[in-house]
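The values are calculated or read from the model by the stated rules, or taken from the named source; none is laboratory data. In this text the structure is predicted, and so the values were computed from the model without any measurement. So basically every Cβ, Gly included, is an ideal-geometry build from the backbone, and we count neighbours across all protein chains shown.
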Amino acid sequence: MMFQLGVNKSGDADNVSQSSSMYEQGCKSQSGEEGTSASLWKQTSVSRGAMGSPFEATRRFSKENVVGEGGYGVVYKGILINGMVVAVKKLLNNLGQAEKKFRVEMEAIGHVRHKNLVRLLGYCIEGTHRMLVYEYVDNGNLEQWLHGDTRESGVLTWEARMKVLLGIAKALAYLHEAIEPKVVHRDIKSSNILIDHDFNGKLSDFGLAKLLDSGESHINTRVMGTFGYVAPEYANTGMLNERSDIYSFGVLLLEAVTGRDPVDYNRVANEVNLVEWLKMMVGNRKAEEVVDPNLDLKPSTHALKRALLVALRCVDPVSEKRPKMSQVVRMLDTDFPYREERRNKRSRTARMDGESVSGSADMEHSAL
């Protein structure tokens, strides 16, 4: 089965899309039988014979090479013939799902490149097996840094958290607004945010992604995603569009600010749901108390207010009132809207590019 990668023209240094060459080569299975694989590589970076086979690269999918597992596949660390370290995602074929997930990921990310999207290097097809080869990002993911094993290496600073989140906001703005059809990721969560050694965030795992043509306001689909991150209107109706991703990003931003899980049943009743607890705290003018207590150096009041304002607007229960991701990027990347507030203390409205970003966050904005 073959997929041709498309070319997306963009002048933005962050948004680089290129076509990839296609060739066929043998791909040995674990049993040693010869199969047929099709691999995609950029001619400018990986030579025709550089791959070998994913079986060889991962030492025949050794358990020692496993770096991640999910409901749809297992990710292995691999080393190509030319020494390049890669991540090989072997899709699980439960009820024939491997082919479906393979197509979804290829369609969603196969033709695009952005520095904040994990880069697809190639693929291998052998019988019912489907494997995707990605760049290897070896500094953990955001979930590990906030809640898990990577915290042993130190606490992720406020500046690093905001750098990661800004990068993900740029990636989503690109997927939603810069390409056609737009890509709705549908599973934005901390474990899908990989972090490199420069603390750039890279969005990964497009197995649930959906494509939305310009003429479509939404699509109806079975509700998928991760509890706590799923937008309420999508959970209730199955109607999906990019605003669902924006809600999930807001939850992700709150998670980074507070160090709390989106849903935590180990907490008291009014603190179980992160979004509702945060709104309560801001409404009671206790915003300063929501910051992750593990942070040695707390953010400035200005920086905290900016992050909370952006997050609260992203999780507005009225989806039409949520900002676009390009607006989120501008809000996180500049001092705005606080410059305007200093010029006009009576104003409660943030403006971006002449647009008013209003919402049901008026109470939260006022409290901040």
For this session: Kindly check whether there is at least one residue in the range 197-206 that is surrounded by fewer than 14 Cβ atoms within 10 Å (Cβ to Cβ) and either modelled with pLDDT of 95 or more or of a type outside the set (A, V, I, L, M, F, W, C) (or both).
Result: yes
Problem set entry | Test for Ala256: is it in contact (Cβ under 8 Å) with a residue 24 or more places away in the chain, among the small types (Gly, Ala, Ser) and either under 16 Å from Val112 (Cβ atoms) or outside the structural domain of Gly148 (by TED's automatic domain parsing) (or both) | no
Exercise. Is it the case that some residue within the range 210-233 is on the phi < 0 side of the Ramachandran plot, at pLDDT 95 or above and small (Gly, Ala, Ser)?
Worked result: yes
Problem set entry | Filtered residues of the range 204-253 (kept if over 30 Å from Asn139 (Cα atoms) and either out of contact with any strand residue (DSSP E or B) (no Cβ under 7 Å at 6 or more places or on another chain) or not assigned by TED's automatic domain parsing to the domain that holds Glu271 (or both)) | Asp213, Ser214, Gly215, Glu216, Ser217, Arg222, Val223, Pro232, Ala235, Asn236, Thr237
Seminar exercise, completed: Residue hits (the range 268-292; within 17 Å of Leu309 (Cβ to Cβ) and surrounded by fewer than 17 Cβ atoms within 10 Å (Cβ to Cβ)) are Met280, Gly283, Asn284, Arg285, Lys286, Glu288, Glu289
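Counting only residues that are over 20 Å from Val164 (Cβ atoms), outside any helix (DSSP H, G or I) and touching a helix residue (DSSP H, G or I) at 6+ places or on another chain (Cβ under 8 Å), how many does the range 285-314 have?
We begin by selecting, within the range 285-314, every residue over 20 Å from Val164 (Cβ atoms); these are 285-289, 301.
Remaining after also requiring outside any helix (DSSP H, G or I): 285-286.
Checking which are touching a helix residue (DSSP H, G or I) at 6+ places or on another chain (Cβ under 8 Å) leaves us with 285.
The number of residues fulfilling the criteria is 1.
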Seminar exercise, completed: With criteria (1) assigned to a helix (DSSP H, G or I); (2) under 24 Å from Leu156 (Cα atoms); (3) not acidic (Asp, Glu), Asn266 comes up short on (1)
Seminar exercise, completed: Result of the Cβ filter at 7 Å on the range 194-218, keeping first residues that are more than 18 Å from Leu146 (Cβ to Cβ) and partners that are in a strand (DSSP E or B) and not hydrophobic (A, V, I, L, M, F, W, C), at least 6 apart or interchain, is Leu212/Lys182
Problem set entry | Long-range neighbours under 8 Å by Cβ, at least six apart or interchain, first residue assigned by TED's automatic domain parsing to the domain that holds Thr301 within the range 152-166, second assigned to a helix (DSSP H, G or I) and exposed (fewer than 14 other Cβ atoms within 10 Å of the Cβ) | Leu166/Asp333
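Within the range 61-174, which strands (runs of 3 or more DSSP E) (wholly inside it) include 3 or more residues that are within 22 Å of Ile246 (Cα to Cα) and at pLDDT below 90?
By residue number, no strands (runs of 3 or more DSSP E) qualify.
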Exercise. With (1) under 30 Å from His302 (Cα atoms); (2) over 13 Å from the mean Cα position of the chain (by Cα); (3) of a type in the set (A, V, I, L, M) as the list, and Ile125 as the residue in question, which single condition is left unmet?
Worked result: (1)
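Given the structure, is Leu295 in contact with a Gly (Cβ under 9 Å, 6 or more places away or on another chain) and either surrounded by 11 or more Cβ atoms within 10 Å (Cβ to Cβ) or at pLDDT 95 or above (or both)? First the steps, then the outcome.
On the way: in contact with a Gly (Cβ under 9 Å, 6 or more places away or on another chain): yes; either surrounded by 11 or more Cβ atoms within 10 Å (Cβ to Cβ) or at pLDDT 95 or above (or both): yes.
Taking the combined requirement at face value, the residue satisfies it.
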